[in-house]
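Notes to accompany the following structure.
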Amino acid sequence: MYGVVVCPRCRRAKGVDLSQKTTQCACGFEVRVAPAKVRARAPNPRELAPLVAQVSAELAGGLKEYRKATA
C-alpha cells in the first residue's frame, strides 16, 4: 500500500511506501511514516503520482484549478 504524506518542515507532499518506517524529504528532513497523517492512499505506485499532485495543489490552495485542468 502506498500513501501521500506531507513533510512537517517544508509542507511538501511526498508519495511513500507505507510499509517503510521513514522517508527522506527533498528538503533533507527525515519524515517518520507511521505517525504521519496519510492524506491519500493508493494500491500501487502508478496511481500514487496523481494523488501526490492533487495533495500538492490542495496545499497550495489551487485544488479547484487542478481539477479543472485534469478534467
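The values are calculated or read from the model by the stated rules, or taken from the named source; none is laboratory data. Predicted model only: the values in this text are computed from it and were never measured. The area values use the complete protein model at the heavy-atom level, side chains included, leaving out ligands, DNA and RNA. Shrake-Rupley method; radii C 1.70, N 1.55, O 1.52, S 1.80 Å.
For the reader, a short list of remarks on this structure follows.
- MRE, 222 nm, helices only [DSSP H, n ≥ 4, -39500 (n - 2.57), over the chain, to nearest 500]: -9000 deg cm²/dmol
- Length gained when the stretch Arg32-Glu58 is fully extended (0.36 nm per residue, less Cα-Cα span): 7.2 nm
- When the convex hull of its Cα atoms is viewed from all sides, the stretch 19-71 shows a mean projected area of 4.6 nm².
- 18 Å Cα-Cα reach of Lys21 towards aspartates and glutamates, excluding residues that sit fewer than 8 places from it in its own chain: Glu30
- Within the accessible area of the chain (1.4 Å probe), percent carbon and sulfur: 50
- Between the helical axis of 48-60 and the longest alpha-carbon principal axis of the chain there is an angle of about 80 degrees.
- In the context of the full set of protein chains, the chain has a per residue accessible area of 69 Å² (1.4 Å probe).
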